[in-house]
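This report concerns only the one structure given below.
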Amino acid sequence: MSFKGAVFDADGTLIDSMGMWRSLGRRYLHSLGIETEQRLDSVLYAMSFEQGCEYLRKHYLKKNSADDIRAGIFAMIGDFYRYEVKLKPSITGYLEHLRQRNIPMVIATVGDRELLTAALERNNIAEYFSAIFTGGELNTTKHEPEIYFACAEYLGLEPENIAVFEDALYAIRTARKAGFVVYGVRDDSNLYDTEDIKAEADYYIEEWKNEDSFDGCRQ
């Protein structure tokens, strides 16, 4: 095992939810009869949930409060997380593999804590993680390394001893630059970035397995 602690992204890494999140803001606005800019999905993708709500308020819904927008979006996706979202295939086996080797695990996400917790509990993997760090609560995104450093401080380990599992190219670049061991994770939402992810990450995971490492996929 080439690391002593693990930080997992949630959406697209642990749970199969990126299809929903990538179009969430656009879907919400369309439900209100509002046309959107063509690149809205890309603009919102790298933001925390709270930042995304503020962006929608500022650019599309100036008469609404960020809290109103947040409530409206929750109404659309709450059932998805609580009752529908599935895990990435075989992830439970890999988490158990790490637990058997006494590797502490935490989550770093730009998503919402309440919804993520509901999804983890329903899919029976919440017990594997001792803490969840969110971009909204830390007032940061994964364009900056603060959320990963917060995880490292909690784990009591140096970045070079921590594996970060991420599916998003920009987050992979951030974690790698900050000195973490980075595993790029394949997701249907990032296929167009596959070659760049392989070039940036230390390892690339095509699918979750239970082996001691993914050294065969090292770039």
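Pairs only if they're at least six apart or on different chains, beta carbon under 6 angstrom, first in region 32-59 and at negative phi, second among the hydrophobic types (A, V, I, L, M, F, W, C) and open to solvent by 50 Å² or more (accessible area, probe 1.4 Å); list them, first residue then second. Hits for this filter: zero, empty list. Taken together, the residues in region 26-40 that are modelled with pLDDT under 90 and open to solvent by less than 50 Å² (accessible area, probe 1.4 Å) amount to 0. Among the residues making up region 100-117, those that are buried (at least 19 other Cβ atoms within 10 Å of the Cβ), over 13 Å from L14 (Cα atoms) and within 15 Å of the chain's Cα centre (by Cα) are V110, D112, L115.
May I ask you to list the residues in region 45-64 that are modelled with pLDDT of 90 or more and either assigned to a loop (DSSP other than H, G, I, E, B) or within 16 Å of G19 (Cα to Cα) (or both)? Scanning region 45-64 gives Y60, L61, K62, K63, N64.
Suppose we filter region 67-95 for residues that are within 19 Å of D16 (Cα to Cα) and open to solvent by less than 50 Å² (accessible area, probe 1.4 Å); how many remain? The total comes to 13.
Just one of (1) open to solvent by 50 Å² or more (accessible area, probe 1.4 Å); (2) under 30 Å from Q100 (Cβ atoms); (3) touching a Phe, Trp or Tyr at 6+ places or on another chain (Cβ under 7 Å) fails for R22. It is (2). Against the numbered list (1) in contact with a helix residue (DSSP H, G or I) (Cβ under 9 Å, 6 or more places away or on another chain); (2) more than 18 Å from A66 (Cα to Cα), L24 comes up short only at (2).
The values are calculated or read from the model by the stated rules, or taken from the named source; none is laboratory data. Please read all numbers here as calculations on a predicted model, not as lab measurements. Cβ sites come from the backbone with ideal geometry, for glycine too, and all protein chains shown count toward neighbours. Heads up: the accessible areas ignore ligands, DNA and RNA and are worked out on the full protein's heavy atoms, side chains in. Shrake-Rupley method; radii C 1.70, N 1.55, O 1.52, S 1.80 Å.
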